[in-house]
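Read through the structure below, which is laid out as structure tokens, and then see the notes.
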Amino acid sequence: CHMTDQQIQEWSAVVNEMASQGLRVLAVAKGSFPNTQWPEQEHDFDFEWIGLIGLSDPIRPEIAQAMQDCQTAGIKVLMITGDYPATAKVIAQQAGMAQGNVLSGQDLEALNDEQLAHHLKTTNVCARISPHQKLRIVQVLKANGEIVAMTGDGVNDAPALKAAHVGVAMGARGTDVAREAASLVLVDDNFASI
């Protein structure tokens with residue numbers, strides 16, 4: 001949208017405020033291009049800024065008890081998501097996950113496997129994670145002697161589901177690829193069922 005630095009800072013503050021409420025935030029703009037010679041890159045379009053949309057995806061009521069059960073059983077739950085870090089952190093707190101650090105995909109890229117293994121000991125949320133990073137996290141945990149169960153529902157989750165000791169796919173909303181890569185399929189898509 002070719003905003004000024006001040007506009008970017010102002011809207012970024014709004015994004016952070018919305019994310020701190022656990023909302024998934026989408027930026028909305030519109031544009032048209034009357035020409036037939038398309039620009040070489042998206043940034044060359046002249047988009048008109050419209051605003052932000054915040055989406056809420058409430059935690060299921062049974063999740064907090066499932067998290068307590070995992071903690072009691074000595075199972076560490078690690079949230080791996082494409083969500084914005086602030087949003088993911090709030091959702092983890094709402095779910096009753098143990099306190100820990102948030103590791104972003106950008107920060108993860110700067111770490112070698114030994115450093116990543118060290119960070120994962122104190123991390124409970126990995127945010128803005130790409131599919132290849134999900135796979136890398138599973139591989140590093142396994143190399144560190146952990147028994148890894150991985151949940152997922154999308155095509156992009158399939159490599160990590162396959163690499164985990166136990167891949168758990170979502171049966172209702174999961175893709176065929178995820179279900180085929182997994183060793184277990186949840187028919188109710190409910191973490192508490194695990």
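Which ones in the stretch 109-134 are more than 13 Å from the chain's Cα centre (by Cα) and either in a helix (DSSP H, G or I) or in contact (Cβ under 8 Å) with a residue 40 or more places away in the chain (or both)?
Within the stretch 109-134, GLU109, ASP113, GLU114, GLN115, LEU116, ALA117, HIS118, HIS119, LEU120, THR123 qualify.
Could you tell me which residue of the stretch 90-99 is most open to solvent (accessible area, probe 1.4 Å), considering only residues that are touching a residue at least 12 places away in the same chain (Cβ under 8 Å) and of a type outside the set (A, V, I, L, M)?
Ranking the qualifying residues of the stretch 90-99, first place goes to GLN99.
Among residues belonging to the stretch 64-89 that are touching a Gly at 6+ places or on another chain (Cβ under 7 Å) and open to solvent by less than 40 Å² (accessible area, probe 1.4 Å), point out the one that is farthest from ASN16 (Cα to Cα).
My answer is MET67.
Would you confirm whether or not the stretch 51-60 contains a residue that is surrounded by 12 or more Cβ atoms within 10 Å (Cβ to Cβ), modelled with pLDDT of 95 or more and β-branched (Val, Ile, Thr)?
Our first condition is that a residue be surrounded by 12 or more Cβ atoms within 10 Å (Cβ to Cβ); within the stretch 51-60, this holds for 52-54, 59-60.
Next, from what is left, pick out any that are modelled with pLDDT of 95 or more: 52-54.
Adding the requirement that they be β-branched (Val, Ile, Thr) leaves 53.
Looking through the stretch 51-60, at least one residue is surrounded by 12 or more Cβ atoms within 10 Å (Cβ to Cβ), modelled with pLDDT of 95 or more and β-branched (Val, Ile, Thr).
Those residues that are part of a helix (DSSP H, G or I) and more than 24 Å from the chain's Cα centre (by Cα), I need them from the stretch 37-63; list them, please.
GLU42, HIS43, ASP44
Would you mind telling me which numbered condition in (1) open to solvent by 40 Å² or more (accessible area, probe 1.4 Å); (2) within 25 Å of GLY105 (Cβ to Cβ); (3) outside any helix (DSSP H, G or I) PRO34 fails?
(2)
Which of (1) under 16 Å from the mean Cα position of the chain (by Cα); (2) among the aliphatic types (A, V, I, L, M); (3) open to solvent by 60 Å² or more (accessible area, probe 1.4 Å) is the odd one out, the single condition MET150 does not satisfy?
The number of the failed condition is (3).
Please work out if ALA29 is within 22 Å of ASP153 (Cβ to Cβ), among the small types (Gly, Ala, Ser) and not in a loop (DSSP other than H, G, I, E, B).
no
Has the stretch 11-21 got at least one residue that is free of Cβ contacts under 8 Å to residues at least 12 places away in the same chain, open to solvent by 90 Å² or more (accessible area, probe 1.4 Å) and not aromatic (Phe, Trp, Tyr)?
Yes, the stretch 11-21 has at least one match.
The values are calculated or read from the model by the stated rules, or taken from the named source; none is laboratory data. Fair warning: this is a prediction, and the values are worked out from it, not measured in the lab. Reconstructed Cβ throughout: ideal geometry from the backbone, glycine too, with neighbour counts over all protein chains shown. Note: areas computed on protein heavy atoms with side chains; ligands, DNA, RNA excluded. Shrake-Rupley method; radii C 1.70, N 1.55, O 1.52, S 1.80 Å.
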